[in-house]
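Have a look at the structure below before the remarks.
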Amino acid sequence: MKSLNVGSIKSSNHSKYYNFNKSLSNSDLVSEIIRLKKEKNAILLAHYYQSPEIQEIADFLGDSLYLAQCAAKISADIIILAGVHFMAETAKIINPSKIVLIPDLKAGCSLADSCPPEDFKKFINNYPDAVVVTYINCSAEVKALSDIVCTSSNAIKVISSIPKNKTIIFAPDRNLGQYLIKETGRNMILWDGACMVHEAFSLERIITLAKKYPKAKFIAHPESTSPILDIANFIGSTSALLRYIETDSSNTYIVATESGILHQMKKSRPNKIFIPAPVQDETCACSECAFMKLNTLEKLYNCLLNESPQIKLNRDLISRSKISIDRMLALS
Ligand code: 13P
Ligand code: SF4
């Protein structure tokens, strides 16, 4: 076996020694991650918003729904979720006997953060007869307060499954909520949350870019704001956007979602042109989700090596939050 340039450090809170990587090259990190996955019987699930090098070594790569469906079927001992915290938490809820690792515990989500459980509880208590539908981008506590979860892939199906005479609360994304109101014709009470990445796109700059590329199609994720969605040729989840560019006959696309998806688009259709939709602040890389990009190959390697950080949830929270996720999985 190749000798590694690793050291060890004692955590201030634990009596355990943690190994850490000092200076492995990216290709060494990739080889070591692959070796450790095999040795530890671990499966790597990654979201499309991860960096290309993480996407390339994933055992399963996909959108939020696909990752949840994969988590349900995994029989390996360890699940590493290269995505954000709510995705890893969902995997733990779905398959609680597994060790679930996330490369960086701080990989949160602005949308999940926009819905604190205590405030949400007070909010839904105002509508005791309403059916509470929550987007999967929320905490386990919020899922436990919900009747059914959805993702951007199945949100229309989930809303349409609710009897017409029922009032619906939709949380936490007001933009996806507004889109669903338009698509389903259902009147819903919306929680006022949003994703900082999808709210950053600039309508004016997208229109200017579209004039420069008159044959380009403009495609967008439904977390984008209404004025952006109003001018889109196609709206869909990350996997739906990917399927669209694979079957559509155009050559050029302006893409309004996190720019990580462009890696799979370019891989799948190398002769086509994909342009990330411009954001309001020209000086920032705001079409990158800073939370998603906290995960790196090095953190992935260290988390697998040390089996830390792990997602820990108490049994009661797992059983309360699982109900709303299971309802979604049964419908999907
Ligand atoms: P998808 O469910 O389309 O993968 O979206 C997840 C997400 O976080 C969008 O910002
Ligand atoms: Fe959350 Fe937005 Fe990042 Fe998706 S892109 S994980 S919704 S902050």
>> Given a 1.4 Å probe and heavy atoms of the protein chains only, how would you sort 143, 182, largest accessible area at the top?
In response: 182, 143
> Can you put 263, 221 in order of accessible area, largest first, using a 1.4 Å probe?
Replying inline: 263, 221
>> Give me the dipole magnitude in Debye, nearest 20, for the stretch 65-199 about the Cα centre, with unit charges on the beta carbon: positive for Lys and Arg, negative for Asp and Glu.
In response: 420
> For the chain, what is the percent of antiparallel DSSP beta bridges, rounded to the nearest 5?
Replying inline: 20
> In whole Å, how far is the Cα centre of the stretch 137-181 from that of the stretch 259-332?
Replying inline: 20
> Given 208, 30, 321, which one lies farthest toward the positive end of the charge dipole of the chain, if we put +1 on the Cβ of every Lys and Arg and -1 on the Cβ of every Asp and Glu?
Replying inline: 30
>> Treating only the Cβ of Lys, Arg, Asp and Glu as charged (+1, +1, -1, -1), what charge dipole size does the stretch 188-332 show about its Cα centre? Round to the nearest 20 debye.
In response: 520
> Summing -39500 (n - 2.57) over the DSSP H runs of n ≥ 4 in the chain and dividing by its residue number, what mean residue ellipticity at 222 nm do you reach, to the nearest 500 deg cm²/dmol?
Replying inline: -11500 deg cm²/dmol
> Is there a pair in 37/266; 92/322; 122/143; 38/293; 92/157; 182/322 whose C-alpha atoms are over 21 Å apart, and which pairs would that be?
Replying inline: 37/266; 38/293; 92/157; 182/322
>> Using the Cα centre of the chain as origin and beta-carbon charges of +1 (Lys, Arg) and -1 (Asp, Glu), tell me which of 273, 189, 66 is placed farthest towards the positive end of the dipole.
In response: 66
> When you count, for each residue, the other Cβ atoms within 10 Å and take the mean per peptide, how do 55-61, 120-126 rank with the highest first?
Replying inline: 55-61, 120-126
> What order do 253, 213 take when sorted by accessible area (1.4 Å probe), most exposed first?
Replying inline: 213, 253
> About the Cα centre of the chain, what is the dipole size in debye to 20, counting +1 per Lys and Arg Cβ and -1 per Asp and Glu Cβ, all else neutral?
Replying inline: 640
> When DSSP beta bridges are limited to those with both residues in the stretch 197-311, what percentage is antiparallel, rounded to the nearest 5?
Replying inline: 10
>> Accessible area of the stretch 228-291 with a 1.4 Å probe: how many percent of it is carbon plus sulfur?
In response: 49
> Rolling a 1.4 angstrom probe over the protein heavy atoms, how many square angstrom per residue are accessible across the chain?
Replying inline: 45
> Cα to Cα, under 12 Å, and not fewer than 8 places away if on the same chain: which aspartates and glutamates meet these conditions relative to residue 272?
Replying inline: 246, 248
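The values are calculated or read from the model by the stated rules, or taken from the named source; none is laboratory data. This structure is a prediction, so every number in the text was calculated from the model and none was measured. As a convention, Cβ positions derive from the backbone with ideal geometry for all residues, glycine included, and neighbour counts pool all protein chains shown. For the accessible areas, the whole protein counts, side chains as well, though only heavy atoms, and no ligand, DNA or RNA atoms are used. Shrake-Rupley method; radii C 1.70, N 1.55, O 1.52, S 1.80 Å.
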